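FYI, it's all coordinate maths here, none of it is from the lab. None of these values were measured; they are calculated from a predicted model. Cβ atoms come from the backbone with ideal geometry, glycine included; neighbour counts cover every protein chain shown.
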Amino acid sequence: MQFDLLIKGGRLIDPASGVDTVRDVAIAGGRVAAIEAAIDAEHATQVVDARDCIVTPGLIDLHSHVYWGGTSLGVDADRLAAKSGTTTFIDAGSAGAGNFLGFRRHVIERSKVRILAYVNISFAGIFGFSQTVSVGECSDLRLCEPRETVAAVREHADVVVGVKVRSGKHAGGTSGIAPVDLALEAADQAGLPLMAHIDEPPPGRSEVLPRLRRGDILTHCFRPFPNAPVFASGAVRPDMYLARERGVIFDIGHGMGSFDFAVAKAMLAEGLAPDVISSDVHLYCVDGPAFDILVCMSKLMALGMPLVEVLRAATQKPAEAIARPELGTLKVGGVGDVAVLRLTSGRFTFVDAVGAALVADQRLTSDGIVIGGIWYPNEAPDHNETERFEPHAAHTHVEVAARHFGRGD
Ligand SMILES: [Zn+2]
């Protein structure tokens with residue numbers, strides 16, 4: 001048999017199938033054609049040397065903003081994909097029913113990388129988000145119309161994975177809990193999960209969390225005070241335990257202001273690791289503090305989460321959350337989305353959303369990705385062995401603005 005692509009000599013880690021061993025992976029027709037201890041390079045048109053690399057299912061960033069050009073906060077998914085090992089970006093409600101078609105035609109259908117999406121309960125999607133503009137899309141309840149949301153979900157069922165709501169003082173103004181209830185009603189009618197964002201109260205997490213059902217997603221789950229999941233003492237708030245028991249999915253959604261090392265340490269100490277690690281990458285955090293999913297995963301490793309669990313939280317778990325388990329595993333005959341990663345040693349300083357620093361001696365980097373049988377190398381591999389992952393100087397004003405407004409995303 002002749003293969004299009006052979007990824008040779010890597011350490012295959014596929015958490016969903018419990019595999020962690022050196023294997024060659026062959027791709028043909030965009031699908032996994034063979035996984036074996038040794039596959040002859042002569043059988044492949046192209047060979048990727050993956051010695052010293054981790055070969056894993058293509059990463060799935062469950063919370064991102066990639067409606068590039070159509071929304072002020074969108075980043076270009078194709079530009080970020082190979083660099084971050086990401087083969088699937090899930091856009092978390094950049095578009096609502098009123099502009100989803102544009103997102104689909106102009107971005108999703110033209111991208112090399114796979115893009116799926118949550119539809120925002122707000123008809124307008126996230127329309128007023130920049131360094132200096134912060135107009136929440138749920139601050140006017142006339143925009144939250146479940147009939148429109150459900151119609152958009154049905155029209156674009158092949159690319160829609162759920163409904164998104166951003167509730168909180170900044171995303172929802174004085175609307176309180178109402179946007180969450182409207183979004184839940186839409187999600188129920190559509191038969192899909194809800195991803196709920198929290199920022200600063202009201203509404204508080206204690207109002208949002210009890211409403212979430214099994215399979216719904218709490219994003220910004222390790223956000224800082226106020227509305228943090230832990231008390232000042234570090235003890236985890238009881239509603240977080242109840243939500244986990246009920247099967248609510250905890251998603252990091254790092255973003256500009258939503259990940260706090262101290263909160264994460266307290267949660268991990270109580271055994272409440274995140275189910276999903278996502279970046280919430282958008283224009284105002286792509287240059288720090290979130291950067292991309294690989295930096296976020298590296299932060300969780302620095303906090304003590306084991307490598308395999310970190311990979312699971314970016315492959316198997318997000319795939320399950322969107323009910324597309326085939327995207328989160330590598331098996332013969334299955335989808336051939338692959339990430340070729342590396343554990344790079346050095347001295348790395350990570351910075352969270354409140355400016356706290358954490359030093360680590362390793363981080364994950366990407367050699368490239370495979371989508372549809374095509375190898376996309378990381379064109380800007382980063383071999384810097386002493387790096388500080390804080391907002392770039394040129395973008396410091398973004399962070400300052402974020403603090404000033406205290407926004408959650
Ligand atoms: Zn977001």
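The figures follow:
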item	result
Set LYS83/LYS317; LYS112/LYS265; LYS112/LYS299; LYS164/LYS317; LYS83/LYS331; LYS112/LYS164 screened for pairs whose C-alpha atoms are more than 26 Å apart	LYS112/LYS265; LYS112/LYS299
Solvent-free Debye scattering, log10 I(q)/I(0), computed from the Cα coordinates of the chain at q = 0.07, 0.13, 0.14 Å⁻¹	-0.29, -1.04, -1.21
Sorted peptide list for 251-258, 296-303, criterion being average Cβ within 10 angstrom, highest first	251-258, 296-303
Residues ARG211, ARG223, ARG342, ARG105, sorted so that the one with the fewest Cβ neighbours within 10 Å comes first	ARG105, ARG211, ARG342, ARG223
Packing-based order for 165-178, 43-56, using average beta carbon neighbours within 10 Å, highest first	165-178, 43-56
Neighbour count of at most 12 Cβ within 10 Å plus DSSP loop: longest GluC sites (Glu not before Pro)-free window in the chain	1-378
Farthest positive-ward along the chain dipole, Cα basis, beta-carbon charges - from THR56, CYS285, ALA187	ALA187
Per-peptide average of other Cβ atoms within 10 Å, ordering 8-18, 352-362 highest first	8-18, 352-362
Helix 396-405 axis, angle to the chain major axis (alpha carbon atoms, nearest 10°)	40 degrees
Charge context of GLU387, other residues only, Cβ under 15 angstrom, K/R +1, D/E -1	0
Efficiency of FRET between SER206 and ALA38 - r from beta-carbon atoms, R0 60 angstrom, step 0.05	0.60
Of VAL308, VAL25, VAL370, the one that fluctuates the most in a GNM where the chain has Cα springs shorter than 10 Å	VAL308
Isotropic mean projected area of the C-alpha convex hull, segment 251-403 (nm²)	9.6 nm²
FRET efficiency estimate (nearest 0.05) - Cβ-Cβ, ASP382 to ARG347, R0 22 angstrom	0.95
Descending principal axes extents, segment 143-279, alpha-carbon based, whole Å	46, 30, 26
Förster radius 41 Å - calculated FRET efficiency between GLU309 and THR45, Cβ distance, rounded to 0.05	0.70
Cβ-based exposure ranking for LEU294, LEU59, in which fewest neighbours within 10 Å come first	LEU294, LEU59
Cα long-axis angle, helix 146-155 against the chain (0 to 90 degrees, to the nearest 10)	20 degrees
Quotient of Cα Rg and 2.2 N^0.38 Å for segment 1-88, N being how many residues it contains	1.30
Hull-based mean projected area of segment 65-106, where the convex hull spans the alpha carbons, in square nanometres	2.9 nm²
Inverse of mean 1/r across different Cα pairs in segment 1-154, Kirkwood, Å	17.8 Å
Over segment 218-301 - Rg/Rh using Cα atoms and the Kirkwood inverse-distance radius	0.96
Semi-axis lengths, Å, segment 137-205, gyration tensor of Cα atoms, sqrt of 5 times eigenvalues	22, 12, 9
Residue with peak Gaussian network fluctuation, the chain [Cα springs, cutoff 10 Å], from ARG388, ARG312, ARG363	ARG388
Whole-number Å³ per residue for the convex hull built on Cα positions in segment 293-337	69 Å³
